[in-house]
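What follows is a set of notes on a single structure, which appears directly below.
The values are calculated or read from the model by the stated rules, or taken from the named source; none is laboratory data. Note that this is a predicted model, so its numbers are computed, not measured. Cβ placement follows ideal geometry from the backbone for every residue including glycine, while neighbour counts extend to all protein chains displayed. What goes into the accessible areas is simple: the full protein's heavy atoms, side chains included, and nothing from ligands, DNA or RNA. Shrake-Rupley method; radii C 1.70, N 1.55, O 1.52, S 1.80 Å.
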Amino acid sequence: MTTDHTRVPGRAQAVTEEVLASFDATPDPRLREVMHSLVRHLHAFATDVRLSEREWELAIQFLTRAGHITDEHRQEFILLSDVLGLSMLTVVLNEPAEPGATESTVFGPFFVDTAPEVPLGGDIARGASGAPCYVSGRVRSVTGASIEGARVEVWEADEDGFYDVQYPDGRSAGRGWLRSGADGEYRFWSVLPAPYPIPHDGPVGDLLNATARGPMRPAHLHFMVTAPGFRTLITHIFLAGDPYLGSDAVFGVKENLVVNAVHQEAGPAPDGAHPQGGWHSITFDLVLASDRDR
Ligand code: BEZ
Ligand code: FE
């Protein structure tokens, strides 16, 4: 029997409408809205590409592999969301509308909530390899008011592009938190971050390969800043001149987050420290939006 393809769109439409109607009685209006939209777009996508049964099967296999590789250390579904730009789109859609606030970017999988406190001016590298890098600035509001006592969490990869949690020896390095001082000032020693690949030995890596995309992220330092009365800021700073700024695997780069790491010859740093050999300095203000419009 031959299939009459001219009949498919009408039948497809009927399936979509039946599924949409099945969600009509959802009591929670937001859930109803989300499910209606999801079904509409998912069905439109399948119809648009004329999804074959083989392709549907491959997609299920892909998601199954993502599930199998996911554990408490590896989250392949977030990685998938990241490389599809869904994570970054969600960040942008929820960005506070306060002009002048530091922009947000993706959170990533390498934050650890048990990092140690370091004193203002302390060293968050704590043994991570790399050229010393002194990072300083002020935590302030969009009106310029100092924010004292903000909690500034920092985490970064070492010069080989690895976070501490990616080493099998249980080390803790390249992360810590500190409190901003009386003028909102913050400062710490770290190492100059390096570009690194996102985990690409699983299905998401295969997807990047099959689509001729790379896994690299440009060098960056992560921040999470919290202070009462202000919206939590989750962001990075990126290094100017990095070769991957235009091709971040997770689309996290924003122009305002790109900073210069100024190379300094050996000699005393602003805090009187004497790092051996050259070091770098970065100045960046962390500007928090008020939490009014959350
Ligand atoms: C990160 O910057 O740590 C990161 C973000 C998204 C995916 C993988 C890593
Ligand atoms: Fe990162």
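Screening R175, R179 for residues that are within 14 Å of ligand 2 (Cβ to nearest atom), in the same structural domain as H280 (by TED's automatic domain parsing) and basic (K, R) leaves exactly one candidate, R175. State yes or no: is H220 within 12 Å of ligand 1 (Cβ to nearest atom) and either at pLDDT below 95 or within 23 Å of A173 (Cα to Cα) (or both)? So H220 fits the description; yes.
Looking only at residues in segment 39-50 that are aliphatic (A, V, I, L, M) and under 17 Å from G10 (Cβ atoms), the one that is least open to solvent (accessible area, probe 1.4 Å) is A46.
Scanning segment 178-191 for residues that are within 20 Å of the chain's Cα centre (by Cα) and either small (G, A, S) or surrounded by fewer than 21 Cβ atoms within 10 Å (Cβ to Cβ) (or both) turns up just one, S190. Counting only residues that are in a loop (DSSP other than H, G, I, E, B), among the charged types (D, E, K, R) and over 13 Å from A173 (Cα atoms), segment 115-149 holds 1 of them. Only a single item in (1) in contact (Cβ under 8 Å) with a residue 12 or more places away in the chain; (2) under 15 Å from T102 (Cβ atoms) is not met by G144, and it is number (1). Looking only at residues in segment 229-251 that are of a type in the set (S, T, Y) and out of contact with any Ser or Thr (no Cβ under 7 Å at 6 or more places or on another chain), which one is farthest from ligand 2 (Cβ to nearest atom)? This residue is S247.
Before we move on, is T226 among the polar types (S, T, N, Q) and away from ligand 1 (no atom under 16 Å from the Cβ)? So that I can check it myself, show each step before the final result.
Values: among the polar types (S, T, N, Q): yes; away from ligand 1 (no atom under 16 Å from the Cβ): yes.
It is true that T226 is among the polar types (S, T, N, Q) and away from ligand 1 (no atom under 16 Å from the Cβ).
State which residue is farthest from ligand 1 (Cβ to nearest atom) when the search covers only segment 246-270 and only residues that are open to solvent by 50 Å² or more (accessible area, probe 1.4 Å) and more than 20 Å from T235 (Cβ to Cβ). Among residues in segment 246-270 that are open to solvent by 50 Å² or more (accessible area, probe 1.4 Å) and more than 20 Å from T235 (Cβ to Cβ), the one farthest from ligand 1 (Cβ to nearest atom) is P268. Quick check: is even one residue across segment 276-294 outside any helix (DSSP H, G or I), at pLDDT below 95, among the hydrophobic types (A, V, I, L, M, F, W, C) and more than 21 Å from the chain's Cα centre (by Cα)? Checking segment 276-294: at least one residue is outside any helix (DSSP H, G or I), at pLDDT below 95, among the hydrophobic types (A, V, I, L, M, F, W, C) and more than 21 Å from the chain's Cα centre (by Cα).
State which residue is nearest to ligand 2 (Cβ to nearest atom) when the search covers only segment 182-228 and only residues that are in a loop (DSSP other than H, G, I, E, B) and β-branched (V, I, T). Before the answer, list the steps.
First, pick out the residues of segment 182-228 that are in a loop (DSSP other than H, G, I, E, B): 182-184, 192-195, 198-202, 211-215, 218-219, 227-228.
Going one step further and asking which of them are β-branched (V, I, T), we end up with 198, 211.
Working: I198: 8, T211: 22 Å.
In this case the residue turns out to be I198.
The condition (being part of a strand (DSSP E or B) and either more than 14 Å from ligand 1 (Cβ to nearest atom) or open to solvent by 10 Å² or more (accessible area, probe 1.4 Å) (or both)) is satisfied by just one residue among V152, V91, V112, V165: V152.
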